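Report on the following structure.
The values are calculated or read from the model by the stated rules, or taken from the named source; none is laboratory data. Quantities reported herein were computed from a predicted structural model and do not represent experimental measurements. Neighbour counts run over all protein chains shown; Cβ positions are idealised from the backbone, glycine included.
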Amino acid sequence: ETGVTQTPRHLVMGMTNKKSLKCEQHLGHNAMYWYKQSAKKPLELMFVYNFKEQTENNSVPSRFSPECPNSSHLFLHLHTLQPEDSALYLCASSPGTSGTSYEQYFGPGTRLTVT
Amino acid sequence: GENVEQHPSTLSVQEGDSAVIKCTYSDSASNYFPWYKQELGKRPQLIIDIRSNVGEKKDQRIAVTLNKTAKHFSLHITETQPEDSAVYFCAAIPSYSSASKIIFGSGTRLSIRP
(Lines give C-alpha, C1' and ligand atoms only; values in the text may rest on other atoms or scores of the structure.)
Protein backbone atom coordinates (compact mmCIF):
# COMPACT_ATOMS: atom_id res chain seq x y z
CA GLU A 1 0.00 0.00 0.00
CA THR A 2 1.48 3.31 -1.10
CA GLY A 3 -0.36 5.38 1.43
CA VAL A 4 -2.75 7.01 -1.03
CA THR A 5 -6.27 5.64 -0.98
CA GLN A 6 -9.24 6.40 -3.20
CA THR A 7 -12.93 5.68 -2.87
CA PRO A 8 -14.96 4.43 -4.53
CA ARG A 9 -12.87 2.15 -6.75
CA HIS A 10 -15.65 1.87 -9.31
CA LEU A 11 -18.51 4.25 -10.05
CA VAL A 12 -21.30 4.17 -12.60
CA MET A 13 -23.38 7.30 -12.86
CA GLY A 14 -25.96 8.82 -15.14
CA MET A 15 -25.41 12.16 -16.82
CA THR A 16 -27.78 13.91 -14.41
CA ASN A 17 -26.28 12.47 -11.24
CA LYS A 18 -24.04 14.19 -8.73
CA LYS A 19 -21.29 12.16 -7.14
CA SER A 20 -17.96 12.73 -5.42
CA LEU A 21 -14.61 10.97 -5.54
CA LYS A 22 -12.49 10.91 -2.43
CA CYS A 23 -8.73 10.70 -2.00
CA GLU A 24 -6.73 10.47 1.20
CA GLN A 25 -2.98 10.38 1.67
CA HIS A 26 -1.20 9.15 4.80
CA LEU A 27 2.29 10.19 3.75
CA GLY A 28 2.48 13.66 5.25
CA HIS A 29 2.73 15.22 1.81
CA ASN A 30 1.85 18.82 1.07
CA ALA A 31 0.65 18.56 -2.53
CA MET A 32 -2.21 16.60 -4.04
CA TYR A 33 -3.31 16.09 -7.63
CA TRP A 34 -6.16 14.79 -9.76
CA TYR A 35 -5.39 13.07 -13.06
CA LYS A 36 -7.61 11.65 -15.77
CA GLN A 37 -6.42 8.49 -17.55
CA SER A 38 -8.28 7.56 -20.71
CA ALA A 39 -7.51 4.66 -22.99
CA LYS A 40 -4.70 5.39 -25.45
CA LYS A 41 -4.18 8.92 -24.12
CA PRO A 42 -1.52 10.45 -21.90
CA LEU A 43 -2.17 11.00 -18.26
CA GLU A 44 -3.92 14.36 -18.06
CA LEU A 45 -3.23 16.56 -15.08
CA MET A 46 -6.49 18.18 -13.96
CA PHE A 47 -5.91 19.98 -10.67
CA VAL A 48 -3.08 20.64 -8.26
CA TYR A 49 -3.31 21.67 -4.63
CA ASN A 50 -0.30 22.75 -2.60
CA PHE A 51 -0.85 23.34 1.10
CA LYS A 52 -4.62 23.23 0.47
CA GLU A 53 -4.43 25.99 -2.12
CA GLN A 54 -5.27 25.28 -5.73
CA THR A 55 -2.28 26.13 -7.86
CA GLU A 56 -3.40 24.77 -11.19
CA ASN A 57 -6.58 24.15 -13.13
CA ASN A 58 -5.65 22.80 -16.50
CA SER A 59 -8.69 24.02 -18.44
CA VAL A 60 -10.95 21.46 -16.81
CA PRO A 61 -14.70 21.83 -17.48
CA SER A 62 -16.72 23.23 -14.60
CA ARG A 63 -18.66 19.97 -14.27
CA PHE A 64 -15.56 18.80 -12.34
CA SER A 65 -15.18 20.65 -9.06
CA PRO A 66 -12.26 19.90 -6.73
CA GLU A 67 -12.15 20.45 -3.00
CA CYS A 68 -9.18 20.20 -0.67
CA PRO A 69 -10.18 20.75 2.97
CA ASN A 70 -6.69 19.89 4.24
CA SER A 71 -3.39 18.53 2.95
CA SER A 72 -4.47 14.93 3.51
CA HIS A 73 -7.83 14.93 1.75
CA LEU A 74 -8.89 15.74 -1.77
CA PHE A 75 -12.31 15.45 -3.37
CA LEU A 76 -13.55 15.65 -6.92
CA HIS A 77 -17.22 16.59 -7.17
CA LEU A 78 -18.92 15.48 -10.35
CA HIS A 79 -22.16 16.76 -11.88
CA THR A 80 -23.85 16.58 -15.28
CA LEU A 81 -21.01 14.55 -16.75
CA GLN A 82 -20.79 13.38 -20.34
CA PRO A 83 -20.06 9.86 -21.61
CA GLU A 84 -16.62 11.03 -22.75
CA ASP A 85 -15.78 11.70 -19.11
CA SER A 86 -15.65 7.96 -18.54
CA ALA A 87 -12.08 7.18 -17.51
CA LEU A 88 -9.83 6.17 -14.66
CA TYR A 89 -9.39 9.08 -12.24
CA LEU A 90 -6.13 8.94 -10.36
CA CYS A 91 -5.26 10.90 -7.28
CA ALA A 92 -1.63 11.51 -6.38
CA SER A 93 0.38 13.28 -3.73
CA SER A 94 3.93 14.54 -3.53
CA PRO A 95 6.06 15.94 -0.73
CA GLY A 96 5.93 19.35 -2.38
CA THR A 97 5.92 20.96 -5.78
CA SER A 98 9.51 22.06 -6.23
CA GLY A 99 13.08 20.94 -5.89
CA THR A 100 13.35 17.23 -5.20
CA SER A 101 9.73 16.96 -4.11
CA TYR A 102 8.10 16.17 -7.43
CA GLU A 103 7.74 12.40 -7.11
CA GLN A 104 4.09 11.48 -7.57
CA TYR A 105 2.63 8.80 -5.32
CA PHE A 106 -0.51 7.57 -7.03
CA GLY A 107 -3.66 6.10 -5.56
CA PRO A 108 -5.34 3.02 -7.10
CA GLY A 109 -7.79 5.14 -9.05
CA THR A 110 -11.56 5.30 -9.46
CA ARG A 111 -12.93 3.71 -12.62
CA LEU A 112 -15.78 6.02 -13.66
CA THR A 113 -18.41 5.09 -16.21
CA VAL A 114 -20.94 7.70 -17.31
CA THR A 115 -24.06 6.28 -18.89
CA GLY B 1 1.78 24.20 -26.44
CA GLU B 2 4.17 22.13 -24.43
CA ASN B 3 4.07 18.44 -25.12
CA VAL B 4 5.96 15.21 -24.66
CA GLU B 5 6.03 12.64 -27.45
CA GLN B 6 6.74 9.03 -26.62
CA HIS B 7 7.68 6.18 -28.95
CA PRO B 8 6.95 3.43 -29.60
CA SER B 9 3.38 3.02 -28.35
CA THR B 10 3.87 -0.76 -28.13
CA LEU B 11 7.04 -2.80 -27.84
CA SER B 12 7.55 -6.55 -27.69
CA VAL B 13 10.95 -8.02 -26.88
CA GLN B 14 12.29 -11.47 -26.15
CA GLU B 15 13.04 -12.19 -22.53
CA GLY B 16 16.66 -11.37 -21.86
CA ASP B 17 16.90 -8.78 -24.63
CA SER B 18 17.02 -5.01 -24.13
CA ALA B 19 14.17 -2.54 -24.52
CA VAL B 20 14.47 1.15 -25.34
CA ILE B 21 11.71 3.75 -25.07
CA LYS B 22 12.24 7.29 -26.32
CA CYS B 23 10.65 10.60 -25.44
CA THR B 24 10.97 14.06 -26.93
CA TYR B 25 9.93 17.23 -25.16
CA SER B 26 9.18 20.65 -26.54
CA ASP B 27 9.88 22.97 -23.59
CA SER B 28 13.59 23.69 -23.38
CA ALA B 29 13.09 24.92 -19.80
CA SER B 30 12.25 21.40 -18.64
CA ASN B 31 14.77 20.13 -16.16
CA TYR B 32 13.30 17.05 -14.50
CA PHE B 33 12.35 13.86 -16.32
CA PRO B 34 10.72 10.98 -14.42
CA TRP B 35 9.68 7.59 -15.72
CA TYR B 36 6.68 5.76 -14.33
CA LYS B 37 5.73 2.11 -14.67
CA GLN B 38 2.11 1.00 -14.57
CA GLU B 39 1.43 -2.72 -14.36
CA LEU B 40 -1.93 -4.00 -15.49
CA GLY B 41 -4.65 -2.91 -13.09
CA LYS B 42 -2.21 -1.12 -10.82
CA ARG B 43 -1.21 2.45 -10.15
CA PRO B 44 1.75 4.19 -11.84
CA GLN B 45 4.95 4.12 -9.82
CA LEU B 46 8.17 6.04 -10.26
CA ILE B 47 11.02 3.80 -11.38
CA ILE B 48 13.77 6.27 -12.24
CA ASP B 49 14.26 9.96 -12.89
CA ILE B 50 16.93 12.27 -14.22
CA ARG B 51 17.70 15.95 -13.91
CA SER B 52 19.08 18.20 -16.59
CA ASN B 53 22.53 18.49 -15.04
CA VAL B 54 23.07 14.76 -15.56
CA GLY B 55 23.47 12.91 -18.86
CA GLU B 56 22.85 9.38 -17.69
CA LYS B 57 21.60 7.58 -14.62
CA LYS B 58 21.53 3.85 -13.86
CA ASP B 59 19.71 1.72 -11.35
CA GLN B 60 20.50 -1.99 -11.78
CA ARG B 61 18.89 -3.04 -15.11
CA ILE B 62 17.31 0.34 -15.77
CA ALA B 63 19.03 3.40 -17.18
CA VAL B 64 17.90 6.75 -18.46
CA THR B 65 19.84 9.01 -20.82
CA LEU B 66 19.21 12.67 -21.51
CA ASN B 67 20.23 14.78 -24.48
CA LYS B 68 19.30 18.37 -23.67
CA THR B 69 20.48 19.74 -26.97
CA ALA B 70 18.19 17.44 -28.90
CA LYS B 71 15.50 17.60 -26.18
CA HIS B 72 15.06 13.89 -25.87
CA PHE B 73 15.52 11.28 -23.20
CA SER B 74 15.33 7.51 -23.25
CA LEU B 75 14.65 4.60 -20.93
CA HIS B 76 16.81 1.52 -21.34
CA ILE B 77 15.94 -1.82 -19.76
CA THR B 78 18.54 -4.57 -20.07
CA GLU B 79 18.14 -8.32 -19.52
CA THR B 80 14.38 -7.96 -19.62
CA GLN B 81 12.26 -10.21 -17.43
CA PRO B 82 8.53 -11.09 -17.49
CA GLU B 83 7.86 -8.69 -14.61
CA ASP B 84 9.03 -5.83 -16.83
CA SER B 85 5.79 -6.17 -18.82
CA ALA B 86 3.83 -2.96 -18.16
CA VAL B 87 3.00 0.45 -19.56
CA TYR B 88 5.80 2.96 -19.16
CA PHE B 89 5.21 6.72 -19.08
CA CYS B 90 7.80 9.44 -19.44
CA ALA B 91 7.17 12.95 -18.19
CA ALA B 92 8.75 16.38 -18.20
CA ILE B 93 8.51 19.26 -15.75
CA PRO B 94 9.68 22.76 -16.69
CA SER B 95 12.03 24.42 -14.26
CA TYR B 96 10.14 27.69 -14.14
CA SER B 97 7.05 26.06 -12.74
CA SER B 98 6.01 23.63 -10.13
CA ALA B 99 4.83 20.09 -10.64
CA SER B 100 1.57 21.65 -11.78
CA LYS B 101 3.11 21.58 -15.22
CA ILE B 102 3.85 17.86 -15.33
CA ILE B 103 3.32 16.68 -18.88
CA PHE B 104 3.19 12.94 -19.52
CA GLY B 105 3.92 11.05 -22.69
CA SER B 106 1.24 8.80 -24.13
CA GLY B 107 2.80 5.63 -22.77
CA THR B 108 4.53 2.53 -24.15
CA ARG B 109 3.07 -0.91 -23.60
CA LEU B 110 6.03 -3.24 -23.16
CA SER B 111 5.50 -6.98 -23.53
CA ILE B 112 8.22 -9.51 -22.70
CA ARG B 113 7.99 -12.74 -24.71
CA PRO B 114 9.10 -15.88 -22.85
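Annotations for the structure displayed:
- Single unsatisfied condition, residue A:110 versus (1) more than 14 Å from chain B (Cβ to nearest Cβ); (2) modelled with pLDDT of 95 or more: (1)
- Residue within region A:77-87 that is among the β-branched types (Val, Ile, Thr) and more than 14 Å from chain B (Cβ to nearest Cβ) present: yes
- Taking the conditions (1) surrounded by 14 or more Cβ atoms within 10 Å (Cβ to Cβ); (2) assigned to a strand (DSSP E or B); (3) not β-branched (Val, Ile, Thr) in turn, residue B:58 satisfies each one other than (1).
- Single residue of region A:86-102 satisfying the filter (over 25 Å from residue A:113 (Cβ atoms) and either of a type in the set (S, T, N, Q) or at pLDDT 90 or above (or both)) that is surrounded by the most Cβ atoms within 10 Å (Cβ to Cβ): A:93
- Taken together, B:92, B:63 contain a single residue that is small (Gly, Ala, Ser) and within 27 Å of residue A:48 (Cα to Cα), which is B:92.
- Of all residues in region B:1-44, exactly one satisfies the criterion of being part of a loop (DSSP other than H, G, I, E, B), touching a residue at least 12 places away in the same chain (Cβ under 8 Å), surrounded by 16 or more Cβ atoms within 10 Å (Cβ to Cβ) and within 13 Å of another protein chain (Cβ to nearest Cβ), namely B:44.
- Residue within region B:71-93 that is touching a helix residue (DSSP H, G or I) at 6+ places or on another chain (Cβ under 9 Å), in a loop (DSSP other than H, G, I, E, B), away from chain A (no Cβ under 14 Å) and more than 27 Å from residue A:46 (Cα to Cα) present: no
- Any pair with Cβ under 9 angstrom, 6 or more apart, that starts in region A:62-75 at a residue that is farther than 17 Å from residue A:7 by Cβ and ends at one that is surrounded by fewer than 17 Cβ atoms within 10 Å (Cβ to Cβ) and of a type in the set (Asp, Glu): none
- Segments classed as strands (runs of 3 or more DSSP E), wholly inside region A:41-85, with at least 1 members that are among the small types (Gly, Ala, Ser): A:64-70
- Region A:1-40, residues that are part of a loop (DSSP other than H, G, I, E, B) and either touching a Gly at 6+ places or on another chain (Cβ under 6 Å) or away from chain B (no Cβ under 14 Å) (or both): A:8, A:14, A:15, A:16, A:17, A:26, A:27, A:28, A:30
- The residues of region A:49-73 that are within 14 Å of another protein chain (Cβ to nearest Cβ), hydrophobic (A, V, I, L, M, F, W, C) and surrounded by 14 or more Cβ atoms within 10 Å (Cβ to Cβ), listed by number, are A:60, A:68.
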